[in-house]
Amino acid sequence: MMRLRRFFASMVGRLFVILLLGMSVAAIGATMLAGAKRQQEFERQNLNRIADRLQGFINMLDGNPELRDRLLMVGGPAVRSLPAGARLGREDAAMMAVLDDRQGPVAHATVHFTSFRSCLAKAQELLPPPPPQERRRPPHERDPAFIPPKCRAVQVPLSDGTVLSLALESPAIAHNGILAVDPLFLTLLVLAIGALAYLVARMASAPLQRLASAAAELGDDLQREPLPVTGPLEVRRAAEAFNAMQKRLQRTLGERTQMLAAITHDLQTPVTRLRLRLENVSDEALRERLIGDLGAMQALIREGLELARSAESAEPRAALDLDSLLESIVEDALEAGAEARFAQGSGAVLMLRPLAMHRLFSNLVDNAISYGGTAEVRVEQGSDGVRVRVRDQGPGLAEDELETVFDPFVRLETSRSRATGGAGLGLTIARALAEKDGATLHLRNHPQGGLEAIVHWPAPPRPAAHRTG
C-alpha cells in the first residue's frame, strides 16, 4: 500500500492517472458515439427499405383501380389494410420525412404508430384456440427476449381522391443503448490505454528524474560529469541551465580554495619569522605561551585550507576494503603510543575515495584518542547498510551539543580541552567528507559510557562486494 501511495504521489503516477482517465473517457466516448451513429444509419436504411415496399404497393394500387380491392385483401410485403377501430398513436416524423422526398401519392401520406396487433394477418384470427395445457402465459412469465414488431398506420390519398388506411409492419430493432459496450472489448481497450499511459508517463517524467538524480549527485560530487543535453527543447534548456550552475559552483569553490591556499602560503613566511623572533624572548614562560598561540594559529590555517579542499576534491572512487583501511589507521595510532583497538570487521568493500576516507576516519580516531583517551573501531553490515562506529571512553556530550560540535570553529569547554591545539574544524571536515561519499555522520552518547561517532551508508551507494578470503 505504501508503494502504491508513493507511486501515485510521484509525477509518473499522476501523469499515468491523468492520461489513463482522459484517454479512457475519450476512447469509450468515441466508441459509444460511433455505435450510436451506426445505429442511426441502420435505422435510416431500414426506413428507406420500408418506404420502398410501401411506395411499390401504393403505386400498384393507384395504377390498378379495378384490382384495388383484391390487392388490398391479399396485401403486399408487410402491408395490408388497417383494421377498423385501430387506435392511432403519435406521428412517425422520421418515416414521414423519408416519404416526403419521394414521388407519387406517398409524398402526402401521414404515418402514426399503432398497436402491433393491427399488423397481424387476418388468417391468424381464424385459427382454433390453443389446447388447455398450452394456456397463454401471463406477461411476467413471457420470454423476455421477445420484441414485438413495429406497426404503423398509414393514410394515403390516391390520385382519384380515395384515402387508403394501411397497416405497415416492420421488424423490431433491438437497441443496445449508449452504455452497452462489449465487456471484453472494454477490458482490452482499458488495458491498452493503461499500458500506453504508463509508457508515456515514464517517458515524460524521465528527464525530470534524471535532473533530480543529477542534482542529488552534485551535492556529493561537484566534479561529476555534466548532464547530457538531449531531448525536447525544454529539457535541453533545463540541462544547459543545470550544467551552467555546476560550472559556476566549481569556479566559485575553486576560487575560494585558491584564495585560502594563497593566504596560507603567504602567511608561512611571517609566521616563521615570528617563531624565530619568539625564540629570543628571555622570559621562558612568556615564550612558551606565545609559541603555543602561534602553533594554534598555524593549525587554524591548515585546517581551514583542509576544509576547503575536502569540498573540492576530485579524487576518483575505487573499490575500498573498509576493514583494511581501519586496521591500518588503528595500527598507526598504536605505533604513535595511543590506546586503540579494532574490535570488529564486516568484510564490506565499497566504491569510495581512499584518501578522503583515510582522512575521515583518521580525524574520528584522533578525536576519540585526544578527547576520550581510547578509540574502539568496529564495522557492521546488515540489511540497512554499512556502519562504522568509533567509540571513546570520555565523558560524552550534552544532548544539545551533539549537533553543535559539527559547526565550524565550535569548541566545547566541558569536554574538549584547548591543550590539544585544535581549531574546531575536525568534525566539520569529517562530516563533509562522509556526505561527499553518500554517508551520514552523527554522534551519540553510548549507553555504556563514552561518545560514539557513527558513519552510516544507508545501502551500498555503489557496486559493493564482500571479501572472499
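In nm, to one decimal, how far is the Gln45 label point from the Arg87 one, both placed 7 Å along Cα→Cβ?
3.6
Compare the peptides 149-156, 274-281 by average per-residue count of other Cβ atoms within 10 angstrom and give them in order, highest first.
On the way: 149-156: 20.6, 274-281: 12.0.
In decreasing order of mean packing, 149-156, 274-281 become 149-156, 274-281.
Using a Förster distance of 25 angstrom, determine the FRET efficiency expected from the C-beta separation of Asn445 and Ala336, and round it to 0.05.
Numbers: r = 27 Å, r/R0 = 1.07.
According to the calculation, E is roughly 0.40.
If one computes the Cα centroid of region 249-304 and of region 52-116, what distance in Å separates the two points?
Going from one Cα centre to the other spans 118 Å.
Note down the net charge around Ala30, summing +1 for each Lys or Arg and -1 for each Asp or Glu among other residues with Cβ under 13 Å from its Cβ. Walk me through the intermediate numbers first.
Values: positive: Lys37, Arg38; negative: none.
Overall, the nearby charge balance is +2.
Going by how many other Cβ atoms sit within 10 Å of their own, how do His442, His358, His265 line up, fewest first? Mind dumping the intermediate values first?
Details: His442 14, His358 17, His265 11.
Final ranking by Cβ density, sparse to dense: His265, His442, His358.
Run the quick spin-label model on Leu355 and Glu380: label points 7 Å from Cα toward the beta carbon, then report their separation in nm to one decimal.
About 3.3 nm, to one decimal.
Fewest first, what order do Glu66, Glu169, Glu225 take by the number of other Cβ atoms within 10 Å? Walk me through the numbers before you get to the answer.
Details: Glu66 6, Glu169 20, Glu225 10.
In increasing order of surrounding Cβ atoms, one gets Glu66, Glu225, Glu169.
Could you work out how much longer the chain between Asn64 and Glu403 gets when fully extended? Use 0.36 nm per residue separation minus the Cα distance between them, nm to one decimal. Don't skip to the answer; put the middle values down first.
Details: separation 339, 0.36 × 339 = 122.04 nm, distance 11.30 nm.
That pair, Asn64 and Glu403, stretches by 110.7 nm at full extension.
Using a basic spin-label model with each label point 7 Å from the Cα along Cα→Cβ, how many nm lie between Ala296 and Arg5?
If labels sit at Ala296 and Arg5, their model points lie 5.3 nm apart.
Rank the residues Thr428, Thr257, Thr252 as a footprinting-exposure proxy: fewest other Cβ atoms within 10 Å of their Cβ go first. Don't skip to the end; give the middle numbers.
On the way: Thr428 21, Thr257 18, Thr252 11.
By the 10 Å Cβ count, ascending: Thr252, Thr257, Thr428.
Throughout, read-outs are computed from the coordinates displayed, never taken from laboratory work. Here the structure is a predicted model, which is why all the values come from computation and not from measurement. For neighbour counting, all protein chains shown are included, and Cβ atoms are generated from backbone atoms with ideal geometry for every residue, glycine included.
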